[in-house]
1. Working carefully through the options Ile45, Ile68, Ile75, Ile30, find the one that is in contact (Cβ under 8 Å) with a residue 40 or more places away in the chain, outside any loop (DSSP other than H, G, I, E, B) and either crowded, with 16+ Cβ neighbours inside 10 Å or of a type in the set (Asp, Glu) (or both).
2. Among the residues of segment 104-117, is any among the acidic types (Asp, Glu), part of a loop (DSSP other than H, G, I, E, B) and at negative phi?
3. Of the numbered conditions (1) among the basic types (Lys, Arg); (2) under 25 Å from Ile103 (Cα atoms); (3) modelled with pLDDT of 95 or more, Lys2 fails exactly one; give the number of that condition.
4. Quick one: in segment 48-65, which of the residues that are under 17 Å from Val124 (Cα atoms) and part of a helix (DSSP H, G or I) is modelled with the highest pLDDT?
5. Quick check on segment 83-91. Is at least one of its residues at pLDDT 95 or above and assigned to a strand (DSSP E or B)?
6. Residues of segment 92-103 being hydrophobic (A, V, I, L, M, F, W, C), within 20 Å of Lys2 (Cβ to Cβ) and not in a helix (DSSP H, G or I), which ones?
7. Evaluate the following for Glu127: is it touching a Phe, Trp or Tyr at 6+ places or on another chain (Cβ under 6 Å) and surrounded by 15 or more Cβ atoms within 10 Å (Cβ to Cβ)?
Amino acid sequence: MKKVDHIGIAVKSIDEALVFYTETLGFQCIDIEEVQSQQVRVAFIDANNVKIELLESLNENGPISKFIEKRGEGIHHIAFGVHSIQERISELKEKGIRMVNEIPREGAGQSRVAFMHPKSGHGVLFELCEKLHMEEK
């Protein structure tokens, strides 16, 4: 694991949540995009020493919508930056870690992602995130 890449926060509305993060806390929104493969709209916030990823569901049956329905808005996952995501998945599986995704999927910010099952992470959903470009945002 290289570092904490970002902290994912589930929100009902990115537009409403951005007011808090930008105007109240004074952070800067650096990008907003839709990730169809994850059924989400995401906004990346530069919180100085870490990025915050706001996650809004694109439909009422998406995973973020279901998460909010069950648990409410709040921290959804912690993402670790990695090199060679497929190798890291294999290493974790060899150590008995249960993966939600055994094959990386397209993620936000030109990345490939895979999630560890929360039961393997003491109740925390961890994401592995490999950037597909040379420079990190």
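1. Ile68
2. No, every residue in segment 104-117 fails to be among the acidic types (Asp, Glu), part of a loop (DSSP other than H, G, I, E, B) and at negative phi.
3. Going through (1) among the basic types (Lys, Arg); (2) under 25 Å from Ile103 (Cα atoms); (3) modelled with pLDDT of 95 or more one by one, Lys2 breaks only (3).
4. My answer is Ile64.
5. No, segment 83-91 contains no residue that is at pLDDT 95 or above and assigned to a strand (DSSP E or B).
6. Ile97, Met99 - these are the residues of segment 92-103 that are hydrophobic (A, V, I, L, M, F, W, C), within 20 Å of Lys2 (Cβ to Cβ) and not in a helix (DSSP H, G or I).
7. Spelling it out, Glu127 is indeed touching a Phe, Trp or Tyr at 6+ places or on another chain (Cβ under 6 Å) and surrounded by 15 or more Cβ atoms within 10 Å (Cβ to Cβ).
Condition check ((1) surrounded by fewer than 16 Cβ atoms within 10 Å (Cβ to Cβ); (2) over 21 Å from Lys131 (Cα atoms); (3) of a type outside the set (Phe, Trp, Tyr); (4) in contact with a Lys or Arg (Cβ under 9 Å, 6 or more places away or on another chain)) across all residues:
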| site | (1), (2), (3), (4) |
| --- | --- |
| Gly62 | no, yes, yes, no |
| Phe80 | no, no, no, yes |
| His83 | yes, no, yes, yes |
| Arg112 | no, no, yes, yes |
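The values are calculated or read from the model by the stated rules, or taken from the named source; none is laboratory data. Quick caveat: nothing in here was measured; it's all calculated off a predicted structure. Heads up, the Cβs are rebuilt from the backbone with ideal geometry, glycines too, and the neighbour counts pull from every protein chain shown.
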